[in-house]
1. Any residue that is assigned to a loop (DSSP other than H, G, I, E, B), touching a residue at least 40 places away in the same chain (Cβ under 8 Å) and surrounded by fewer than 21 Cβ atoms within 10 Å (Cβ to Cβ) - is there at least one of those in the stretch A:86-101?
2. Take residues that are closer than 30 Å to residue B:99 by Cα and touching a strand residue (DSSP E or B) at 6+ places or on another chain (Cβ under 6 Å) and tell me which of the helices (runs of 4 or more DSSP H) falling wholly in the stretch B:145-248 contain 3 or more.
3. Which residues, counting only those in the stretch A:118-133, are within 14 Å of chain B (Cβ to nearest Cβ), part of a helix (DSSP H, G or I) and surrounded by fewer than 18 Cβ atoms within 10 Å (Cβ to Cβ)?
4. So which of A:115, A:136 ends up being touching a helix residue (DSSP H, G or I) at 6+ places or on another chain (Cβ under 7 Å), in a helix (DSSP H, G or I) and surrounded by 21 or more Cβ atoms within 10 Å (Cβ to Cβ)?
5. Name the residue that is nearest to the chain's Cα centre (by Cα), counting only residues in the stretch B:77-93 that are within 23 Å of residue A:43 (Cα to Cα) and within 7 Å of chain A (Cβ to nearest Cβ).
6. Select, from B:33, B:40, the only residue that is in contact with a helix residue (DSSP H, G or I) (Cβ under 6 Å, 6 or more places away or on another chain) and farther than 30 Å from residue A:146 by Cα.
7. Could you check residue B:86 against (1) closer than 22 Å to residue B:193 by Cβ; (2) in a loop (DSSP other than H, G, I, E, B) and say which number it fails?
8. Any idea which of (1) more than 19 Å from residue B:91 (Cβ to Cβ); (2) within 14 Å of chain B (Cβ to nearest Cβ); (3) not in a loop (DSSP other than H, G, I, E, B) is the one residue A:190 doesn't satisfy?
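All of the numbers you see were taken from the coordinates with simple rules; none came from a lab. Model, not experiment: these values are computed from the prediction. Positions of Cβ are generated from backbone atoms using ideal geometry, with glycine treated the same way; all protein chains shown enter the neighbour counts.
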């Protein structure tokens, strides 16, 4: 078990990189997922079709395959995903700005995939608002956008937040795949580094990695439980 | 009571819910200032009829005209039309996360772009009129059903609508609260508001309606002044319906 202490810096570095990709992917997925959710509940049929198509594709495809498409398809299209080299953001998240594009590719795959689930979590919240609320808003003459903004969304987030949290927890665990698609130094890839290259025994390394993931996911889960309890009381 | 061209005109309206023919060739016109009460057994299409007038339910064929204009398709124009037609629901549908005052001022401020102070002033006057001015800062769940429904009426009136639709406004209320809501509706009717009221309250139909519409199986079966309808229903369906509800 001495590897946990001796190579703490490697674990810490892996933790930091995984945290970075998770924060960025969560942000991206929440934004994209919200857009897709609005499409899916829009009164305009073609927009609804786009939203539904998106969810059907990305919710039903293995993340590994999405990662393959990002890591091999984007270069084939001549893209290095340079649009993600966002000035300012790449100061904190240094991998966004590197010449090697794999961090950006993995991020894109994780965002595209997770956004489909975020969309469904948001939509389940919207569906939890009694239809009479939106009907009353429409009958007052509120437009679709006003209806969402002033009536439906303020009431739906309560029902969305717990499923959303589960989606983000799943995303954190899914991020373990990025090491297999060229991202060097995230939490799971450190296992490969420490065992194959440096010869440490696998189990202690795996325990170290697990602790790293648990540090991210357990507090998030506890936070969600608290919110759920508070809601139960409010009801 | 009726002046000029009618405010609401339905012409040969048909609507299906799947295989169910909920509105079968319904034609109806409601004049300005007229109070039309729609009665009939449940499942007869009366609520659907009420909801087609502001297009909460789209129709399959026929035309509906409001204030000389055919109902527009979904979009800005329809939103504008809806803002001119007040609607009161069976289940009140007050915005649960907003106070009564916010419920009543949301439409005027966001749809009509009125100044909040102006909207609040009118809201207070309306809440006073329906007898719940002292509840303005409470949330809907803190009010009784009768108070909630009166707040919902105030919310609809705050848009200064040309007509009001009532979809079974007292059906979800405890018996002792029905009267307070009907009182508000009766006073609105006296003030000349154009109203379409779906209800089971025969007393209201008798004393406040200009016309009673009787519906059964999606068809408009009778259309008569209340005195005439209740004294001499012409159709067997109406006789049967009245015999069932008036004997108790």
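1. Taking every residue of the stretch A:86-101 in turn, at least one turns out to be assigned to a loop (DSSP other than H, G, I, E, B), touching a residue at least 40 places away in the same chain (Cβ under 8 Å) and surrounded by fewer than 21 Cβ atoms within 10 Å (Cβ to Cβ).
2. Correct list: B:145-157.
3. A:128, A:131, A:132
4. On the way: A:136 fails: touching a helix residue (DSSP H, G or I) at 6+ places or on another chain (Cβ under 7 Å).
Within the list A:115, A:136, the selection yields A:115.
5. Only one residue tops the list, namely B:87.
6. Testing whether each residue is in contact with a helix residue (DSSP H, G or I) (Cβ under 6 Å, 6 or more places away or on another chain) and farther than 30 Å from residue A:146 by Cα leaves just B:40.
7. (2)
8. (2)
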